[in-house]
Amino acid sequence: MKKFKTTLLALGLTAVLAGCGNKLTTTKPVYNNSGMVAVIKGDASGKTVSYTAPTKTGSVKVHNGKYVVTLPMSTKAQKVTLKANGQTTTTKIKAATAIGTYSVVADQYNQALVMTAVPADTLKAMQAAQKQGTPTNTQIAAMTPAQQQALLKQQQEFKAALTKAKAAVKDQQLPAKVEGLKQVVKTTSSTMRVNVQDGELLSATLSAPVKALKGSQKDNQFGIEFGLLANALGADAQKVGTQFQKAIKDQNGSQTTIKTITSNGVKFDVGFSASELFIYMTK
């Protein structure tokens, strides 16, 4: 009996020691969102760490005892369950604030994008006509036949110009509906990604090859896309653009980020890799 008890104690001690050898920790009890995602880091034994969250479920590999889990942002706080080598732990991610309703932002961006494809002289005429306002039926009835004909011709020209402009930028427009973390537009000068949850836009990222910023034509195209998106998000594109250009000019070769630019509550965080520039837009 004594030998049997000794054996049980030995087995128990072995189990305890084995349990102590398994590690699964997180660097924080609660994480903030960063850019378009939330990043959870920690230490773990074993080869993989599996995770379960409202926005995503999966697993990641462990490298030198360290792991990194990347999860999409959400308008709701997220509880994340992590498992590895028989160990389980939990952490939380704070809720993100939406920049706006995606459909509204997309509509504003697309309308503005179409106008950039309208010839300058036609656009100027459209703006003048808009300033004067649409004539009422009474005003049209009071016009001479020649004036009525001129008005009709102008309206037809405007309609034709808009139809042509829409076709020209069709592949550059934002889709009407998006859900989740998706790439929505890719042009010769940039790539746009958004994170949409339940119809709300949580973040947007505009990325571009660094070399694409060095040519005046491409630089201008990237600037147009950036400005249109900033305006659609409710920011002052002109002020943001000025601060952005200054930050880029002042940036030294060793920097990988620049100071956050804020306009009307919208935050612009800029990061660099060896070959690409990233602008993260959140609130």
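Considering each residue of the range 227-239 in turn, none proves to be at pLDDT 90 or above, touching a Phe, Trp or Tyr at 6+ places or on another chain (Cβ under 9 Å), surrounded by fewer than 22 Cβ atoms within 10 Å (Cβ to Cβ) and farther than 15 Å from residue 108 by Cβ. Would a scan of the range 166-175 turn up a residue that is under 42 Å from the mean Cα position of the chain (by Cα) and more than 21 Å from residue 224 (Cα to Cα)? No, every residue in the range 166-175 fails to be under 42 Å from the mean Cα position of the chain (by Cα) and more than 21 Å from residue 224 (Cα to Cα). Annotation note: Cβ proximity below 6 Å between a residue of the range 55-68 that is in a strand (DSSP E or B) and a residue that is of a type in the set (A, V, I, L, M, F, W, C) and at pLDDT 95 or above (sequence gap 6+ or interchain) occurs for 60/49; 60/69; 67/44; 67/49; 67/60.
In the range 45-99, the residue that is nearest to residue 232 (Cα to Cα) out of those that are touching a helix residue (DSSP H, G or I) at 6+ places or on another chain (Cβ under 9 Å) and open to solvent by less than 70 Å² (accessible area, probe 1.4 Å) is 99.
Applying the set (1) within 18 Å of residue 275 (Cα to Cα); (2) in contact (Cβ under 8 Å) with a residue 24 or more places away in the chain; (3) surrounded by fewer than 19 Cβ atoms within 10 Å (Cβ to Cβ) to residue 186 leaves exactly one unmet item: (2). When the range 30-52 is filtered for residues that are under 30 Å from residue 261 (Cβ atoms) and either hydrophobic (A, V, I, L, M, F, W, C) or assigned to a loop (DSSP other than H, G, I, E, B) (or both), the ones remaining, listed by number, are 30, 32, 33, 35, 36, 37, 38, 39, 40. Restricting attention to the range 194-224, the residues being buried (at least 19 other Cβ atoms within 10 Å of the Cβ), of a type outside the set (Ser, Thr, Tyr) and at pLDDT 90 or above number 7. For the residues 122, 134, the requirement of being among the β-branched types (Val, Ile, Thr), surrounded by 15 or more Cβ atoms within 10 Å (Cβ to Cβ) and farther than 30 Å from residue 33 by Cα singles out 122.
Taken over the range 180-189, the criterion of being modelled with pLDDT under 90 and either over 20 Å from residue 269 (Cα atoms) or in contact with a helix residue (DSSP H, G or I) (Cβ under 8 Å, 6 or more places away or on another chain) (or both) is satisfied by 180, 187, 188, 189.
Among the residues of this structure, residue 126 does not count as one that is closer than 29 Å to residue 201 by Cβ, of a type outside the set (Gly, Ala, Ser), within 24 Å of the chain's Cα centre (by Cα) and assigned to a helix (DSSP H, G or I).
The values are calculated or read from the model by the stated rules, or taken from the named source; none is laboratory data. This structure is a prediction, so every number in the text was calculated from the model and none was measured. Please note: Cβ atoms are built from the backbone with ideal geometry, for glycine as well, and neighbour counts cover all protein chains shown. Accessible surface is based on the protein model in full, side chains and every heavy atom, while ligands, DNA and RNA are left aside. Shrake-Rupley method; radii C 1.70, N 1.55, O 1.52, S 1.80 Å.
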